[in-house]
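The values are calculated or read from the model by the stated rules, or taken from the named source; none is laboratory data. Being a predicted model, the structure only gives us computed values, none of them experimental. For neighbour counting, all protein chains shown are included, and Cβ atoms are generated from backbone atoms with ideal geometry for every residue, glycine included. In case anyone asks, the SASA skips ligands and DNA or RNA and just uses the protein heavy atoms, side chains included. Shrake-Rupley method; radii C 1.70, N 1.55, O 1.52, S 1.80 Å.
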Amino acid sequence: MPLTKLNSASVIDRLPVGSVIQTQVAQFQEGIGGHTRVETSSQSPTATNISVTITPKYSTSKLLVNFNAQGAFNSGATGNAIELYLYRSVGGASFAVADLDSGKVTNYGAYSNNTTAIIHGMAFSWLDNPATTSAVIYKIYIASANGAGLVKFGANTNDLKFISAQEIKQ
């Protein structure tokens, strides 16, 4: 039986530390389910619609967030790149940076040192400790590293974006 189906506290209590209690997954593709690409030339983080929600069963659990995206695009402004941020909302509160240095998880993705446009994939993993049993929503934000050019995810229609959150027993 998959671990995502374990609901009995007595069964979960017997699992060893480090076990995955549950996994939540979200996948996004341009034009499917109303998903649209987000693009910006701002140096301030801009919200995308790439998110995943998980409600931890235990406040002591850690949450492992994994993200992978195709089609990270930089318009080719010299010295520009995509900055990737992880924000979270706990229990319906406003989105704020996750427990990171200003929420930034990637400093120079799809970096271009000349005027040639560039497309790359981007990925990260983050182990979070929100200490809650309320719903936690993780959302991806992007920014232009130097504000000189356009950056976006989903440069092509078929580019996939994937985010997951796993509750890890402590």
Per-residue HN-Hα couplings for region 64-69 [Karplus 6.51, -1.76, 1.60; θ = phi - 60°; Hz; x = Gly/Pro] | 9, 9, 10, 9, 8, 9
Under Karplus coefficients 6.51, -1.76 and 1.60, residue-wise ³J(HN,Hα) of region 110-115 in Hz, glycine/proline x | 6, 5, 10, 9, 8, 8
Kindly write out, for region 148-162 in residue order, the coupling ³J(HN,Hα) from the Karplus curve 6.51 cos²θ - 1.76 cosθ + 1.60 (θ = phi - 60°), rounded to whole Hz, with x marking Gly and Pro.
-> 8, x, 7, 10, 6, 9, x, 4, 10, 4, 8, 5, 9, 10, 9
Using the Cα centre as the reference, give the magnitude of the dipole from point charges on the C-beta atoms of the chain (Lys, Arg: +1; Asp, Glu: -1; all else neutral), rounded to the nearest 20 debye.
-> 340 debye
Using only alpha carbon pairs under 8 Å that are at least six residues apart, calculate the relative contact order of the chain and give it in whole percent.
-> 41 percent
Per-residue ellipticity at 222 nm attributable to helices in the chain (runs of n ≥ 4 DSSP H, -39500 (n - 2.57) apiece, nearest 500 deg cm²/dmol) works out to -500 deg cm²/dmol
Within the set of other residues whose C-beta is less than 15 Å from the C-beta of LEU150, count the net charge using Lys and Arg as +1 and Asp and Glu as -1.
-> 0
Sequence-distant or interchain residues sharing an amide H contact under 5 Å with ASP128, placed H: which?
-> LEU63, LEU64, VAL65
All lysines inside 25 Å of LYS62 as judged from Cα atoms, apart from same-chain residues fewer than 8 positions distant | LYS5, LYS104, LYS139, LYS161, LYS169
State the Kirkwood hydrodynamic radius of region 51-115 in Å, one decimal place, computed from all pairs of distinct Cα atoms.
-> 14.1 Å
What part of the accessible area of the chain, given as a whole %, is carbon or sulfur when the probe is 1.4 angstrom?
-> 49 percent
Sort the following peptides by mean Cβ neighbour count (other Cβ atoms within 10 Å, averaged over residues), highest first: 45-57, 12-24.
-> 45-57, 12-24
Considering only SER59, ASN80, VAL38, whose Cα is most displaced toward the positive end of the charge dipole of the chain, charges sitting on Cβ of Lys, Arg (+1) and Asp, Glu (-1)?
-> SER59
Would you pull out the residues with amide H under 5 Å of SER19's amide H, same chain only if 5 or more places away, H placed 1.01 Å from N?
-> LYS169
Computed Rg/Rh of the chain, alpha carbon atoms with Kirkwood Rh = 1.03
Using a 1.4 angstrom probe, figure out how much accessible area the chain has per residue, in square angstrom, rounded to the nearest whole.
-> 47 Å²
